[in-house]
Amino acid sequence: MRRDKKREKEIAKERINKLFALCDRTIESRTIESKPELAKRYAELAKKIAMRYKVKMPTEFKRRICKGCGAFLKPGVNLRVRLQGGKLIYTCLSCGTVKRYPYLKEKKMGKKQQLL
Ligand SMILES: [Zn+2]
């Protein structure tokens, strides 16, 4: 039987989205022990699935994984989000890694606008 690559990718994407929701729930849960570690493991699993099936991680999920320590980040738990000069500043409160992301959805801009 031939493997259905397209279907596999769809399943992979579904699993990634489910893991994202799971990370989100896990990290704010007060009943699960060692929740940041658990959320981190789910995030790592999602990354592995994305790599294995060559699917893209959703942008929002990608941003919520710390580039420094790999922790799953959640505002109010271990992530500080600030808006500064049209950029979102994400600070991981576990290791201090700071990332900047454009706040507005990037659109094709004229050269004049880019200089501003
Ligand atoms: Zn970190």
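The values are calculated or read from the model by the stated rules, or taken from the named source; none is laboratory data. Just so it is clear, the model here is predicted, and its values are computed rather than measured. Quick reminder, even Gly has a Cβ in these numbers, built from the backbone with ideal geometry, and neighbours come from all protein chains shown. Note: accessible area is taken over every heavy atom of the protein model, side chains too, but ligands, DNA and RNA are not part of it. Shrake-Rupley method; radii C 1.70, N 1.55, O 1.52, S 1.80 Å.
So here's what we get for this one:
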| read-out | value |
| --- | --- |
| Filter result for the condition that a residue is of a type in the set (A, V, I, L, M, F, W, C), more than 16 Å from the ligand (Cβ to nearest atom) and open to solvent by 50 Å² or more (accessible area, probe 1.4 Å), over L83, L93 | L83 |
| So I16, is it modelled with pLDDT of 95 or more, in contact with a Lys or Arg (Cβ under 7 Å, 6 or more places away or on another chain) and either in a helix (DSSP H, G or I) or β-branched (V, I, T) (or both) | no |
| Qualifying positions in region 64-79 - more than 10 Å from the ligand (Cβ to nearest atom) and open to solvent by 50 Å² or more (accessible area, probe 1.4 Å) | P75, G76, V77 |
| Residue within region 11-20 that is within 16 Å of the ligand (Cβ to nearest atom), surrounded by 11 or more Cβ atoms within 10 Å (Cβ to Cβ) and more than 22 Å from L104 (Cα to Cα) present | no |
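So that you can scan it fast, the table gives a plain yes or no per residue for (1) under 27 Å from K9 (Cβ atoms); (2) part of a loop (DSSP other than H, G, I, E, B):
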position: T31; (1), (2): no, yes
position: P36; (1), (2): no, no
position: A39; (1), (2): yes, no
position: E44; (1), (2): yes, no
position: I49; (1), (2): yes, no
position: V55; (1), (2): yes, yes
